[in-house]
Amino acid sequence: VEEVCDIPPDTWRPVTLLEADGRLMARCFLSRPTFGHHQYRLAVPSAAFQRVLAWLRALSDGYVLFDPQDLQAKLPGPVIVRNLGPTAPPDSSLSDGPFVPPLSAKPYYVGLSAHRAAEPRGEPFPPFEWEPVEEPLRRTPLYEAHRKLGAHFVPFAGWEMPLRYGPVLDEHRAVRGAAGLFDVGHMGIFEVSGPHAAAFLDLVTTNDVNRLRPGQSHYGFLLDPEGRVIDDIMVYMRAPGRYMLVVNAANTAKDWAWLNAVNEGRVRIDPDRPWARSPFRAELVDLRAPDQEHRWRVNIALQGPRSRDVLLAWLAASPKGPAADEIRGRLLAMGRTELIEVRWPWPEAPGGVFDLIIARTGYTGERMGFEIFVHPDWAPLLWEVLLRHGATLGLRPAGLAARDSLRIEAGLPLYGHELAGPLDIRPDEAGLEGYVKLYKPFFIGREAFRRHAAQRKMTIVRFRLTEKGVPVPEQGDRVVDRRGRVIGQVTSCAMDTEGYLVGMAY
């Protein structure tokens, strides 16, 4: 029942364990024997020892009902539960009276559902509020490279971005047939680290961060307490306790404010228990902040069936040696959504190496594609090197228009169109409920998502027009049935590889 994240090392604290129905199981002492947060010791009264041991192991295995009102719930695990034998009790006594629900700011604990009506109510936190600030258009580190290539620029999400370099359909087909290179330097990149980083991310995102292992990534959502989409994001696990988040450019400032407000316990995260706050604190770093110059990262996306061949062609031209051999093996072994961190040998790079994070992810629907994270000072050189060594393989630069048509053809959502936006589209309506793990007992927006999904009446559908040369439907255009009744509206539309119009509607 009690919070335990702040227990100092080698200090015993009284804690309470409850049965699934809220009855008292045992009062115990808990300690953290080291400075890490991966190991705890629980001193249990002998009369309750066997029950507690069996209960903890059952919770770890995930095959026991611990909340009669939530059959889907499952705790993170498995963990190792060992019997360390008898121990001397701490120099303090445990209460022996009946259990009375305390005022608890924890978002969830086993037995909470049985005591919701009786638990004391705390002071509610204020709801999160965000007002965007108008700022001058920004430019990515690749702006001059785009200008030299003859790019046509447009404002997008506060950035001056290349829309296209030539015919959009040519760039689209290059990605489907060979490879395309995209500037994704406008996207926000955060780092979340510390001993409670995974627990914090599990609280604020919908996917199961505890299932990630170093070198893996997944897609998910930030939801507000009412279940509305704040943003859709990618989470990359670089190492134990170290994660990288990639967020939409239009939402970077909002996401940063939201994550910090939750991390610092300043905003409401549960409308049913508005005094609840996150018990987990993580270290948050904006990898584009002025004071983080040594950690800066920007993203260049290399997408298409020949994209790995482009990297291997560049590697073949790199200095030979064990480092190059290791990189080759790791590139060939990479599965989808995996990432590697490499020091790529290249004479023109600072110190003779590129410090790169390479992820096999993307936003084009291609099975083979990479997103390469590099320091912005060296992004122009990397861009030029990739285009140079990929030219004979059909690589060409591609702009925002092709990126949009590719993701529409693949049925991928865009924030503001198939997610959130004027229609307030939720993940289940977009067909993305698989990235919302309802077996997690709590994450922000969980109960609101469940209620909304149970009453859902609308969904995103894909369409293709069978005639060429017709006007392009735009976002907000009405969709009618055979009788002329309005049944929805267009969210996105673009030309596919074969020159037909494809899109999505709600």
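The values are calculated or read from the model by the stated rules, or taken from the named source; none is laboratory data. Since the structure is predicted, the reported quantities are computational estimates derived from the model, not experimental observations. Cβ sites come from the backbone with ideal geometry, for glycine too, and all protein chains shown count toward neighbours.
So that you can scan it fast, the table gives a plain yes or no per residue for (1) part of a loop (DSSP other than H, G, I, E, B); (2) under 25 Å from Pro141 (Cα atoms); (3) in the same structural domain as His37 (by TED's automatic domain parsing); (4) not aliphatic (A, V, I, L, M):
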residue: Asp255; (1), (2), (3), (4): no, yes, no, yes
residue: Ala261; (1), (2), (3), (4): no, no, no, no
residue: Asp270; (1), (2), (3), (4): yes, no, no, yes
residue: Trp275; (1), (2), (3), (4): yes, no, no, yes
residue: Pro279; (1), (2), (3), (4): yes, no, no, yes
residue: Ile300; (1), (2), (3), (4): no, yes, no, no
For residues that are closer than 20 Å to Ser95 by Cβ and small (Gly, Ala, Ser), tally how many sit in region 1-58. 7
Looking only at region 8-26, which residues are surrounded by fewer than 17 Cβ atoms within 10 Å (Cβ to Cβ), touching a Phe, Trp or Tyr at 6+ places or on another chain (Cβ under 9 Å) and assigned to a loop (DSSP other than H, G, I, E, B)? Glu19, Arg23
For region 393-408, check the following and say yes or no: at least one residue is under 19 Å from the mean Cα position of the chain (by Cα) and under 30 Å from Leu222 (Cα atoms). yes
What pairs come up if the first residue lies in region 143-167 and is at positive phi, the second is among the polar types (S, T, N, Q), and their beta carbons are under 8 Å apart, counting only those six or more places apart or on different chains? Ala157/Asn248
Can you tell me which of (1) loosely packed, with under 14 Cβ neighbours inside 10 Å; (2) under 27 Å from Glu447 (Cα atoms) is the one Thr34 doesn't meet? (2)
Could you tell me whether Asn260 is within 20 Å of Arg288 (Cα to Cα), surrounded by fewer than 21 Cβ atoms within 10 Å (Cβ to Cβ), among the polar types (S, T, N, Q) and over 11 Å from the mean Cα position of the chain (by Cα)? yes
Do you know which of the residues in region 138-150 that are in a loop (DSSP other than H, G, I, E, B) and of a type in the set (A, V, I, L, M) is farthest from Ala26 (Cα to Cα)? Leu149
State whether one or more residues within region 410-420 are in a helix (DSSP H, G or I) and over 30 Å from Phe153 (Cβ atoms). no
Which condition from (1) of a type in the set (D, E, K, R); (2) within 30 Å of Ala261 (Cβ to Cβ); (3) touching a helix residue (DSSP H, G or I) at 6+ places or on another chain (Cβ under 9 Å) is the one that Glu131 breaks? (3)
Enumerate the pairs (first residue in region 181-203 and free of Cβ contacts under 8 Å to residues at least 40 places away in the same chain; second residue anywhere and assigned to a loop (DSSP other than H, G, I, E, B)) with beta-carbon separation below 6 Å, excluding pairs fewer than 6 apart on the same chain, so at least 6 apart or on different chains. none
Name the strands (runs of 3 or more DSSP E) wholly within region 422-503 that hold at least 3 residues that are in contact (Cβ under 8 Å) with a residue 12 or more places away in the chain and surrounded by 13 or more Cβ atoms within 10 Å (Cβ to Cβ)? 461-464, 486-495
Being surrounded by 22 or more Cβ atoms within 10 Å (Cβ to Cβ) and under 26 Å from the mean Cα position of the chain (by Cα) is the filter; apply it to region 300-310 and report the residue that is farthest from Ile357 (Cα to Cα). Gly304
Say whether the condition of being within 13 Å of the chain's Cα centre (by Cα) and over 22 Å from Val285 (Cβ atoms) is met by at least one residue in region 225-243. yes
Condition first: over 24 Å from the mean Cα position of the chain (by Cα) and either aromatic (Phe, Trp, Tyr) or at pLDDT below 95 (or both). Now tell me which residues in region 137-183 satisfy that. Tyr143, Phe153, Tyr165
When every residue in region 110-137 that is outside any loop (DSSP other than H, G, I, E, B) and in contact with a Gly (Cβ under 6 Å, 6 or more places away or on another chain) is compared, the one surrounded by the fewest Cβ atoms within 10 Å (Cβ to Cβ) is His115
